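The values are calculated or read from the model by the stated rules, or taken from the named source; none is laboratory data. From a predicted model like this one, the values you see are computed outputs, not experimental measurements. Neighbour counts run over all protein chains shown; Cβ positions are idealised from the backbone, glycine included.
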Amino acid sequence: MTHNKYFQMQSMLLPMLVSSTAVLCLHVPVCWFLVHKTGLKSVGAAISVDITMWLDAVFLSVYMKYSSACEATRGSVSLEVLYGIKDFFRYAIPSVVMMCLEFWSYESLMLLSGLLPNPELETSVLSICLSTIATFYSISCGFGAGISTRVSNELGAENPLGARVAVNAVLIIAIVETSIVSISVFISRRVFGYIFTNEKEVIDYVTKMAPLLSLNIIMDCLQGTLSGVARGVGWQHLGAYINLAAFYLAGIPVAAILGFCTSLRRMSLWIGILVGAFIQVTLLGIVSICTNYEKQVYMNI
């Protein structure tokens, strides 16, 4: 992740693309071998992921070390790195809190699902839904990383119009992308579950969850993009407060109340997280709309 940010801030995307493609091509056969030929099964899958991530880090490190394109930003380790440590943590800590609060809210769903009747079914379906969300979230995460870099660079270059145009452009792209994906998931809801399992009960449950899952895909894409805008402007602390309020003061309590005090049980947890996601997107949208980019340029000078 650190290497990715290093290259993103310089708009050097080709090295990351080449490295990711290479390690993906290696990951598939390595994962197959460790899972099916060594008897490690799920442990082998986890090991293959570790190998892939390390290879990606090594490839990017080698490129950063020896490529002439990185010469201007490549420096030796020295005590000078400590000079800006205060400013680094001023942005890093709220950003970490912002992301962790959201990720942990989904993990809380898994814990709550284990307390419902038939916990094996509940956790199975939730794990399928969470895996699907995580897969598609990688797209919105890319949008968020791109727009945070672009907005911060434009503001640093004293170009508020460029920052505003970039935000509008990425929001249009995100809306188009998430509409296509969510509609596709909804249309294929009766066969979607077969990607993960052959158990009829689980597949039927996933089919019922598909409408909520499609809505969550929309919310996740929008929030991933809007979170990138907040990070680009330097308002990570606002994002952290928004995530805290949306998920821990609204989403998770609603999920728990609906899950244990009503007959909704099966769909209640996801309804609760959708409530949190809707509040999150609404508040992040308000922050983005109300952002005065001209003022942000003045503040950063």
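Points to keep in mind about this one:
Every residue, every condition in (1) outside the structural domain of H3 (by TED's automatic domain parsing); (2) of a type outside the set (G, A, S); (3) crowded, with 18+ Cβ neighbours inside 10 Å, yes or no:
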| residue | (1), (2), (3) |
| --- | --- |
| N153 | yes, yes, yes |
| R164 | yes, yes, no |
| A174 | yes, no, yes |
| I187 | yes, yes, no |
| F196 | yes, yes, no |
| P211 | yes, yes, no |
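- Taking every residue in region 270-287 that is in the same structural domain as N168 (by TED's automatic domain parsing) and over 21 Å from L126 (Cα atoms) and pairing it with any residue that is modelled with pLDDT under 90 and outside any helix (DSSP H, G or I), at least 6 positions away or on another chain, the pairs with Cβ-Cβ distances below 7 Å are V287/W235.
- Checking each residue of region 224-241 against the condition of being modelled with pLDDT of 85 or more, of a type in the set (S, T, Y) and surrounded by fewer than 19 Cβ atoms within 10 Å (Cβ to Cβ) gives at least one match.
- Taking every residue in region 53-68 that is without any contact (Cβ under 8 Å) to a residue 60 or more places away in the chain and assigned by TED's automatic domain parsing to the domain that holds S19 and pairing it with any residue that is of a type in the set (D, E, K, R) and surrounded by 13 or more Cβ atoms within 10 Å (Cβ to Cβ), at least 6 positions away or on another chain, the pairs with Cβ-Cβ distances below 9 Å are K65/R74; S67/R74.
- Pairs with Cβ under 7 Å, 6+ apart, first in region 110-134 and of a type in the set (D, E, K, R), second in a helix (DSSP H, G or I): E122/S113
Residue-by-condition table, conditions (1) of a type in the set (A, V, I, L, M); (2) at pLDDT 85 or above:
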site	(1), (2)
P119	no, no
T123	no, no
I128	yes, yes
S138	no, no
R150	no, yes
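- The lone criterion from (1) part of a helix (DSSP H, G or I); (2) in contact (Cβ under 8 Å) with a residue 24 or more places away in the chain left unmet by Q10 is number (1).
- Of all residues in region 242-272, those that are in contact with a helix residue (DSSP H, G or I) (Cβ under 8 Å, 6 or more places away or on another chain), surrounded by fewer than 24 Cβ atoms within 10 Å (Cβ to Cβ) and among the small types (G, A, S) total 5.
- Cβ-Cβ contacts under 9 Å between residues 6 or more apart (or on different chains), taken from a first residue in region 203-223 that is farther than 18 Å from I180 by Cβ to a second residue that is buried (at least 20 other Cβ atoms within 10 Å of the Cβ) and among the aromatic types (F, W, Y), are listed as I203/F192; V206/F192; T207/F192; M209/W270; L212/W270.
- Taking region 45-84 as the range and being aliphatic (A, V, I, L, M) and modelled with pLDDT under 80 as the test, the residues that pass are A72, V77, L79, V81, L82.
- Between S48, S20, the distinction of being outside the structural domain of N153 (by TED's automatic domain parsing), touching a residue at least 12 places away in the same chain (Cβ under 8 Å), under 28 Å from the mean Cα position of the chain (by Cα) and within 18 Å of A145 (Cβ to Cβ) belongs to S20 only.
- One residue stands out in region 273-301 among those that are surrounded by 15 or more Cβ atoms within 10 Å (Cβ to Cβ) and among the aromatic types (F, W, Y): the one that is modelled with the lowest pLDDT, namely Y293.
- Count of region 135-169 residues which are among the hydrophobic types (A, V, I, L, M, F, W, C), within 22 Å of the chain's Cα centre (by Cα) and over 14 Å from V229 (Cβ atoms): 2
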